[in-house]
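Inspection log for the structure reproduced underneath, given as structure tokens.
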Amino acid sequence: MESLSKRSRIMSARRVMVYSALAFLVLSLISTAVYYFSGYVTDPARAFFESVSAFSTTGLSVFPRPSDLPEWLRLFRAACQWIGGGMSLAVLALIMSSPAGDSMAGETPETYYRFGRSFRTAFRRLVLVYLSLTAALILLLIATKLSFADALNVAFATVSTGGMSPGPVLTSGLSETVVMLFMLLTSISYPLYYYAVRKRSKKLEKNTEVTIYLGLIIAFCVLVSASLVLSGTYSFRESVELGCFQTVSNFSTTGFALDDISGWPSFAQALLAIASFVGGSSFSLASGIKVARMIVIVKILSRSFVVRLHPKAIVSTKLNSVQVPRKMAAQMSTFLLTFFLFFAAGSFIISFDAPDLQSSLALCASSLTNTGNGFSFPSFIGTLNDFTLIIMSLLMLIGRMELYALLIPASGSSS
Amino acid sequence: MILNKRPVIKVLMAVMALVGAAMLIPAVVALIYKETNVFLSFIVCAVPMIAVGLIVIKVLPPGDNNTLKMRDGFFIVAMAWTGMSALGALPFVISGAIPHFIDAFFETASGFSTTGSTIVGNIEALPYGILFWRSFTHWLGGMGVLVLTIAILPMLGIGGAKIMRAETTGPTMDKISGTINDSARKLYTIYIGVTVVEIIFLMFGGLNFFEASTHTFGTVGTGGLSTHSESIAAFGSVYVEMVIAVFMLMAGINFNLYHYLFTGKPGIMLKDPEFRTYLGIIFGSTAFISLMLLVKNIYGSVGQALRYAFFQVVSIITTTGYGTADFDTWPIPCRMLIFLLMIVGGCASSTGGGAKVIRIMLTFKLIRRGAQTRLHSSAVRPIKLGGKNVDEDTLSNVKSFMILYLMTMLIGTVIVSLDGYDLVTSLSAVVATVSNIGPGFNLIGPSCNFILFSYPIKLLLSMFMIAGRLELYTIYIMFTRVFWKGNK
């Protein structure tokens with residue numbers, strides 16, 4: 001009896017992963033058809049790349065000048081990103097509503113256990129946050145004198161962490177600051193907004209992940225800006241503005257870029273790459289490794305030092321003031337290794353079509369972390385061959401689905 | 001005091017005296033080539049080191065407690081390697097061959113850690129005695145001066161078991177013999193044997209004794225410092241290249257396996273899963289790279305392509321770093337593969353560096369298991385290697401090592417990028433030093449050197465070389481609070 005129920009749960013975990021991956025693919029194919037028949041993209045592989053890039057909220061684009069596109073197509077791109085963000089929320093809701101001990105819930109921090117009693121409530125709560133953030137950003141952007149269409153374009157790309165540029169529409173420093181703020185907001189754990197509204201202050205106080213995330217952002221903003229100031233490329237004010245914007249853009253894996261970062265000092269570039277790898281906090285719309293995992297991984301490392309000296313020492317690993325079970329910690333560290341395995345393999349395949357090592361690594365990182373334009377590679381996405389574009393599309397999907405979706409066929413049917 | 005001072009000092013003094021004694025050999029070389037100045041600079045360093053070392057060991061009365069704890073072991077190993085590199089740098093400075101101390105420290109750390117990164121541009125301009133010392137540090141570092149000291153430790157009345165633990169490279173599943181002293185003796189008998197054979201082979205290829213021995217030191221220690229700027233390409237001989245390639249390949253194999261080979265149990269060696277994977281990676285990568293070289297018309301014939309590809313693959317995976325061709329001009333996928341091989345490294349208990357083949361194998365198995373546990377909440381299945389279950393403690397050690405290695409790469413790149421060179425140069429500088437390779441890519445490619453970095457970065461890279469050689473933990477642990485806090 002028990003084995004039977006376990007079995008059905010296993011099936012459901014796998015089925016859900018497969019369904020989500022399929023949903024991403026089907027929507028991408030529909031959108032591919034739209035691009036193809038619109039006549040603006042003549043090559044199906046390119047259209048597919050553009051579609052996956054939007055749904056996975058990556059934001060790389062085969063259009064060199066998006067402002068040349070007709071209004072409807074730009075809105076369509078933005079809407080795809082926004083729907084992609086919503087689908088990612090569905091995956092998160094599913095993970096959070098899985099019963100503890102279920103393999104799907106494997107990496108859910110205890111703070112978020114039973115965020116919703118069922119998938120439906122969890123999803124509804126997350127979407128509520130999503131809608132509020134989107135609406136607020138649209139209003140604020142209109143208040144900073146953007147046209148309604150531009151405001152929609154920017155808001156959809158920002159709140160979903162897609163980061164596809166609708167063209168140079170952010171003209172004022174104020175609108176840039178608003179976008180930066182919302183990139184930050186959407187990369188913070190969504191359940192916290194719900195708790196804040198419901199006045200569950202205990203849940204908020206215990207959340208060390210967000211505190212550390214904000215600390216990291218401030219530290220990186222200071223370092224990146226300082227590096228820009230010292231390099232003398234920009235004025236002091238521009239350096240701080242650009243440095244902070246780009247840091248938040250990369251941490252939230254949005255990938256908006258106000259200027260070409262390939263001319264920035266390599267120290268700033270290296271920090272921005274690390275920011276993208278780390279990503280935002282867990283159960284937000286940011287992609288990447290996630291701060292929660294990094295916290296646990298750093299604790300595992302410091303534990304490994306203690307154990308070298310005191311083999312019998314018992315060191316607890318805490319996240320959000322709660323003990324992390326061994327199995328969960330193990331899954332988180334395996335995630336990191338898996339992530340870098342995909343990074344290595346992806347870079348190797350991309351290197352067949354890239355002009356140098358740096359762009360192979362950057363293109364792969366940009367796809368796998370769903371960041372998009374926060375890395376420095378020449379803007380030649382459109383000149384890459386179809387095979388490379390499809391590989392990059394796969395990497396985007398793998399990154400968005402927290403890696404494991406595409407491991408399902410590889411792990412065999414040993415159940 | 002958290003350290004058992006007296007035996008720790010004794011061991012360190014013994015190491016110092018040994019390094020001093022080792023300097024007498026390049027002194028003799030300098031004398032033969034009539035380099036008086038160089039000869040004197042070795043003597044000036046060697047005599048005080050030997051004298052002080054021996055006197056301190058004699059004068060220090062034996063304490064009541066001569067046991068070495070874990071903590072002492074880590075401290076000795078970390079101090080010994082750093083101290084050896086600092087003292088070994090002195091002849092470079094005194095003779096004026098490398099005037100700045102940090103440059104000399106970098107060069108010596110590169111030697112003892114068997115890395116092979118150099119800051120010298122015009123190598124041929126260096127005197128013979130200095131060139132010999134550069135290569136000889138590889139040989140000493142290769143097996144670890146400490147393994148040698150283990151053999152003389154009984155004379156100091158100190159057991160060496162704890163040191164061996166910090167020193168051995170990579171996880172191993174079995175010991176070849178019961179006592180540490182025995183296995184140390186066996187290991188270095190094999191080591192010396194291999195060295196002598198290679199020198200003879202190279203001399204058959206027309207190299208003089210000086211060239212044959214220096215390049216042998218670089219080979220069996222998997223170091224890679226050559227006496228020529230063009231490295232092995234300077235000889236232009238297929239025979240020499242193949243001899244060196246085969247010996248590099250041998251140096252990258254777990255030395256414990258040779259014991260089985262010589263005691264008539266070659267089956268154990270051939271069935272060893274790490275050994276087989278190692279060979280598989282070498283032949284697979286060689287096939288891929290030579291194919292790419294042919295397709296892209298870098299070399300005209302299959303023979304040429306195979307010759308350069310095989311040498312470079314072996315040189316990189318064993319973390320030696322000798323060159324017969326500038327791989328930084330090869331097609332991008334070849335470079336990417338070479339970059340990945342730099343991370344893999346040789347087998348456990350070989351003289352090679354890197355993450356080690358066995359750890360990469362276990363990492364793949366861990367990733368596979370991770371995917372399975374994501375789908376099945378059922379009990380964790382054991383991971384097997386060569387038919388045996390690998391215990392969970394070893395696995396979590398492997399995991400934390402790999403993560404520490406990745407973190408070193410990422411954070412190291414950020415710091416090195418402060419010098420303002422491009423990211424590939426910065427990243428490959430970290431990988432080339434932590435993995436003990438030698439050359440990297442772009443500005444530090446095979447035809448360039450490390451002189452361009454600022455002094456603080458050179459010090460950091462030297463530390464990475466030593467840390468990489470000592471499996472990261474031994475050095476990093478010195479910077480943790482838990483190390484300096486006493487036992488409660």
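Bear in mind that the values in this text are calculations on the coordinates, not laboratory data. The shown structure was predicted, so the numbers you read here are calculated from the model rather than taken from an experiment. Every residue, glycine as well, gets a Cβ built from its backbone with ideal geometry; the counts of neighbours run over all protein chains shown.
Here are some notes:
- Applying D = kT/(6 pi eta Rh) to region A:138-215, where Rh is the Kirkwood radius over alpha-carbon pairs, T corresponds to 20 °C and eta to 1.002 mPa s, the Stokes-Einstein value obtained is 154 µm²/s.
- Between amide H atoms placed 1.01 Å from N, distances below 5 Å from B:Ile383 occur with B:Val390, all of them 5 or more places distant or on a separate chain.
- Taking Cα atoms only, the orientation of helix A:236-251 departs from the longest principal axis of chain A by about 50 degrees.
- Remark: mean inter-chain Cβ contacts per residue of A:343-350 equal 3, using a 10 Å Cβ-Cβ cutoff to other protein chain atoms.
- Gyration tensor verdict on region A:2-207 (Cα atoms; rounded if a/c is under 1.5, prolate if a/b is larger than b/c, oblate otherwise): oblate
- In order along region B:382-389, the phi-based Karplus estimate (6.51 cos²θ - 1.76 cosθ + 1.60, θ = phi - 60°) of 3J(HN,Hα) comes to x, 9, 10, 9, x, x, 9, 6 Hz; Gly and Pro are listed as x.
- Region B:355-436: relative contact order as a whole-number percent, Cα under 8 Å and 6+ apart: 25 percent
- J(HN,Hα) series, region A:331-346, from Karplus relation 6.51 cos²θ - 1.76 cosθ + 1.60, nearest Hz, glycine and proline x: 5, 5, 6, 5, 4, 4, 5, 4, 4, 6, 5, 4, 4, 5, 5, x
- Cleavage-rule hits (chymotrypsin sites (Phe, Trp or Tyr not before Pro)) in region B:347-432: DSSP loop, at most 16 neighbouring Cβ within 10 angstrom: none
- Among A:Ser366, A:Ser282, A:Ser333, the largest mean-square fluctuation in a Gaussian network model of chain A, built with springs joining Cα atoms closer than 10 Å, belongs to A:Ser333.
- Computed over region B:218-359, the ratio Rg/Rh where both radii use C-alpha atoms and Rh is Kirkwood: 0.98
- Taking θ as phi - 60° and the Karplus parameters 6.51, -1.76 and 1.60, the scalar couplings of region A:136-148 work out to 4, 5, 4, 4, 4, 5, 5, 5, 8, 6, 8, 5, 4 Hz in sequence order, x denoting glycine and proline.
- Axis of helix A:386-400 versus longest Cα principal axis of chain A: the two differ by about 50°, to the nearest ten degrees.
- Top of A:Ser284, A:Ser51, A:Ser351 by mean-square fluctuation, Gaussian network on chain A, Cα under 10 Å: A:Ser351
- Note on A:Arg65 and A:Leu131: the extension gain reaches 20.9 nm, defined as 0.36 nm multiplied by sequence separation minus the Cα-Cα distance.
- Taking the Cα centre of region A:2-207 as reference, the dipole from Cβ charges on Lys and Arg (+1) and Asp and Glu (-1) amounts to some 1040 debye.
- Principal-axis tilt of helix A:291-309 within chain A, Cα atoms, nearest 10 degrees: 50 degrees
- Debye-sum result for region A:183-270 in log10 I(q)/I(0), which assumes one identical scatterer on each alpha carbon, at q = 0.11, 0.18, 0.21 Å⁻¹: -0.38, -0.77, -0.93
- Kirkwood-based Rg to Rh ratio, region A:259-415, C-alpha trace: 1.03
- Relative frequency of Cα-Cα separations exceeding 41 Å in the protein assembly as shown, percent: 40 percent
- With a threshold of 32 Å on the Cα-Cα distance, the over-threshold entries among A:Lys206/B:Lys485; A:Lys312/B:Lys365; A:Lys299/B:Lys384; A:Lys290/B:Lys365; B:Lys356/B:Lys458; B:Lys271/B:Lys458 are B:Lys271/B:Lys458.
- Within 10 Å of the Cβ of each residue in A:325-331, the mean number of Cβ atoms contributed by other protein chains is 3.
- Chain B, helix-only ellipticity at 222 nm - DSSP H runs n ≥ 4, -39,500 (n - 2.57), divided by all residues, nearest 500: -21500 deg cm²/dmol
- The fewest-to-most ranking of A:Leu271, A:Leu403 by surrounding Cβ atoms within 10 Å reads A:Leu403, A:Leu271.
- Remark: chain A carries a charge dipole of roughly 2280 debye about the Cα centre, counting +1 on each Lys and Arg Cβ and -1 on each Asp and Glu Cβ.
- Chain B: relative contact order as a whole-number percent, Cα under 8 Å and 6+ apart: 18 percent
- Taking label points 7 Å from Cα along the Cα-to-Cβ direction, A:Ser316 and B:Val295 give a separation of 5.6 nm.
- Likely footprinting exposure, B:His138, B:His259, fewest C-beta neighbours within 10 Å first: B:His259, B:His138
- Residue order, fewest to most beta carbons within 10 Å, for A:Cys244, A:Cys364: A:Cys244, A:Cys364
- In summary, the helical segments of chain B meeting the span-like criteria, namely a full DSSP H run, a Cα extent along the axis of 15 angstrom or more and a mean Kyte-Doolittle hydropathy of at least 1.6, are B:5-32, B:36-59, B:145-156, B:238-251, B:332-344, B:423-434.
- Positive dipole terminus of the protein assembly as shown, leading residue within A:Pro355, B:Ile289, A:Ala330 (C-beta point charges): A:Ala330
- Calculated on the Cα set of chain B, radius of gyration then Dmax: 22.0, 73 Å.
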